[in-house]
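Structure first, then comments.
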Amino acid sequence: MATQVAFQGFHKPCAVIPVYNHEQALAQVVHALRAGGWPCVLVDDGSDPGCARVIEQVVAQTASHLLRLPSNQGKGGAVMAGLREAARLGYSHALQVDADGQHDLDNLGDFLADSQAHPQALICGYPRYDASVPKSRLYARYLTHVWVWINSLSLHIRDSMCGFRIYPLTPTLALLDAVTIGKRMDFDTDILVRLSWRNQPMRWLPVRVHYPADGVSHFRLLQDNLLISKMHARLFFGMLWRAPQLLWRRWRG
């Protein structure tokens with residue numbers, strides 16, 4: 001289970017959990033984080049009344065903080081609202097973790113230790129799947145990997161779609177204040193490439209990922225694939241005019 005969090009000066013982390021009708025696994029996720037000492041900021045992203053009641057119960061049971069959005073903003077919109085709320089509450093770093101129980105929290109202590117040792121870095125998880133992963137998702141990720149390597153002019157982004165990260169809030173919010181980031185399933189990749197353009201230090205650790213047979217997916221096959229395609233196109237043209245600076249940076253090492 002997650003290693004006990006130690007709050008030391010400039011490194012004060014919390015967990016940000018976007019929730020949209022994921023009431024089945026939510027309590028388990030939050031209890032696991034709280035058992036490890038992680039303060040939790042739950043973002044209710046316009047959930048149905050049944051899920052909203054579960055969120056309120058979990059918040060009361062775990063002494064967590066609730067941010068309730070008036071309408072569904074999408075995963076990215078909920079995460080961004082949660083990151084801003086975490087900063088408002090005085091935290092310096094925020095762990096992004098899904099509410100559906102896909103991410104294995106047993107090695108979260110490794111993420112915390114790496115973040116404490118490298119507080120300026122974005123600590124990113126890259127997935128280690130078990131047999132439950134749908135093959136269509138597994139193969140589709142490789143297309144995004146290729147586009148991310150093109151749009152960042154680098155191979156250093158190991159996986160841009162895994163939403164298990166510890167963000168240093170100061171540089172992350174500076175980016176959010178400066179540009180428009182995708183609010184839905186395009187968020188995880190969009191923000192990572194744009195932080196890469198800003199030469200944000202990133203470190204990579206493995207995280208086991210499990211897809212429950214009764215898990216709830218909010219991925220919209222047509223709409224979200226179109227959003228992701230548009231995102232890659234925007235990032236490609238953004239890369240083109242940044243290419244001289246990016247290549248110079250890579251050449252200098």
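The values are calculated or read from the model by the stated rules, or taken from the named source; none is laboratory data. Keep in mind that this is a model prediction, so the values were computed, not measured. Here Cβ is always computed from backbone atoms with ideal geometry, including for glycine, and neighbour counts include all displayed protein chains.
For this structure, a couple of remarks:
- Taken as a whole, the condition of being in contact with a Leu (Cβ under 9 Å, 6 or more places away or on another chain), assigned to a loop (DSSP other than H, G, I, E, B) and surrounded by fewer than 21 Cβ atoms within 10 Å (Cβ to Cβ) applies to Gly101.
- Among residues of region 32-44 that are more than 11 Å from Thr62 (Cα to Cα), none has a beta-carbon under 6 Å from a residue that is among the charged types (D, E, K, R) and in a loop (DSSP other than H, G, I, E, B) at least six positions away or on a different chain.
- When each of Phe10, Phe111 is tested for being crowded, with 22+ Cβ neighbours inside 10 Å, of a type in the set (Phe, Trp, Tyr) and touching a residue at least 24 places away in the same chain (Cβ under 8 Å), the lone residue that passes is Phe111.
- Tallying residues that are part of a loop (DSSP other than H, G, I, E, B) and at pLDDT below 95 within region 21-39 yields 4.
- Any hit, region 65-82, residues being crowded, with 19+ Cβ neighbours inside 10 Å, free of Cβ contacts under 8 Å to residues at least 40 places away in the same chain, in a strand (DSSP E or B) and in contact with a strand residue (DSSP E or B) (Cβ under 8 Å, 6 or more places away or on another chain): yes
- Against the conditions (1) hydrophobic (A, V, I, L, M, F, W, C); (2) assigned to a loop (DSSP other than H, G, I, E, B); (3) free of Cβ contacts under 8 Å to residues at least 24 places away in the same chain, Ala52 satisfies every one except (2).
- Residues of region 109-136 that turn out to be modelled with pLDDT of 60 or more and outside any loop (DSSP other than H, G, I, E, B), as a count: 17
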